[in-house]
1. Determine by what factor the alpha-carbon radius of gyration of the chain differs from 2.2 N^0.38 Å, reporting the quotient.
2. How large is log10 I(q)/I(0) at q = 0.17 Å⁻¹ when the Debye formula is applied to the Cα atoms of region 1-85, each weighted equally and without solvent?
3. Carbon-plus-sulfur fraction of the accessible area of region 163-301, 1.4 Å probe, in percent?
4. With only alpha-carbon pairs counted, each pair once and no self-pairs, how large is the Kirkwood hydrodynamic radius of region 121-199 in angstroms?
5. From a point 7 Å beyond the Cα of I160 in the direction of its Cβ, which residues of region 120-141 have a backbone N at a distance under 14 Å?
6. Could you give the nm distance between label points at H185 and K281, where each point is 7 Å from its Cα heading toward the beta carbon?
7. When a/c reaches 1.5 or more, the comparison of a/b and b/c decides; with that in mind, is region 1-48 rounded, prolate or oblate per its Cα gyration tensor?
8. Given region 202-258, what whole percent of its Cα pairs are spread farther than 18 Å?
Amino acid sequence: MTPVPATIDETVEMLTEADYVCSRALATVVFLSLKLGRPLFLEGEAGVGKTEIAKALAAGLGRRLIRLQCYEGLDAGSAVYEWNFAAQMVAIRTAEAGADRGGLRAELFSDDYLIRRPLLEAMEPQEGGPPVLLIDELDRTDEPFEAFLLEALSDFQVTIPELGTVKAAEPPIVILTSNRTREVHDALKRRCLYHWVDYPNFEREMEIVSARAPEAKEVLSREVVAFVQKLRTEDLFKKPGVAETIDWAKCLVALDAIQLSPQVIADTLGAILKYQDDIQKIQGSEAGRILEEARAELAPV
């Protein structure tokens, strides 16, 4: 098991080795979360690297990553555990003739028929140390689930009525993310350290592209990053995130592109823009204008 970083600089180094380029402010709050054992709540636009921080932490610390993907209607049962009803029914039918009902019930609600969901898995001992529990896109759920999560993260324990309470011997490293499609309740935020993950500046986004798409030549990478940075200043329904920048760079490399042109941009806009209205707005002369403005701000390599 890799030890937890002892300083902010060691945290930066660990994340960098996992190909995650972050600001010192983000590295500081990650360090404090690890040091104090507090959940870390990350908010920001989609595609800015909130989920990736959990993946980088798990890789850097050599821990298992357990992900709870949130969605509308998610309830405590789906997040903690379920019983394998199909297997239970088979057992009931097998034991129908002369079965001891008390013994059968004890057998049916045993560990053999328990399906562990992310929150229960995160509470149980793991090889290599406590896991990294990623609760992704919390803003997609509703207030009742938030209330349940508040209790679960306060005590790091969950209760299974048929089996009892499962309490984590060592609390997991908890990362919660939100795209801020709605406000998460203050009571939950108070349990966490908080950081807003913003779009990176040109230099940091260049570092990210170099780390995640190293096959892209520097000239192409600079034009890609400059174009995307300019694109984010346009009136778009959904601005491209860092994930889209990386995807676009990889697409352009696959097409053997050595630099941007209006035609290449038009052919590959679907890699960075995900809504047809945005694509139509940027096609043609608009793409050329943005490219010219982006190149004008680039210093010679």
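The values are calculated or read from the model by the stated rules, or taken from the named source; none is laboratory data. These numbers were taken from a predicted model, which means no experiment stands behind them. All Cβ positions, even for glycine, are placed from backbone atoms using ideal geometry, and neighbour counts span all protein chains on display. Please note that ligands, DNA and RNA were not included when accessible areas were found on the heavy atoms of the full protein model with its side chains. Shrake-Rupley method; radii C 1.70, N 1.55, O 1.52, S 1.80 Å.
1. Compared with the compact-globule rule of thumb, the chain sits at 1.23.
2. For the requested q values the scattering log ratios are -0.77.
3. Reported share for carbon and sulfur atoms: 51 percent.
4. After inverting the pairwise mean of 1/r, the radius is 13.8 Å.
5. Taking a point 7 Å out along Cα→Cβ of I160, the residues of region 120-141 whose backbone N falls under 14 Å are 120-125.
6. Placing both labels 7 Å along Cα→Cβ, they lie 3.6 nm apart.
7. oblate
8. Taking all Cα-Cα pairs of region 202-258, the fraction more than 18 Å apart is 25 percent.
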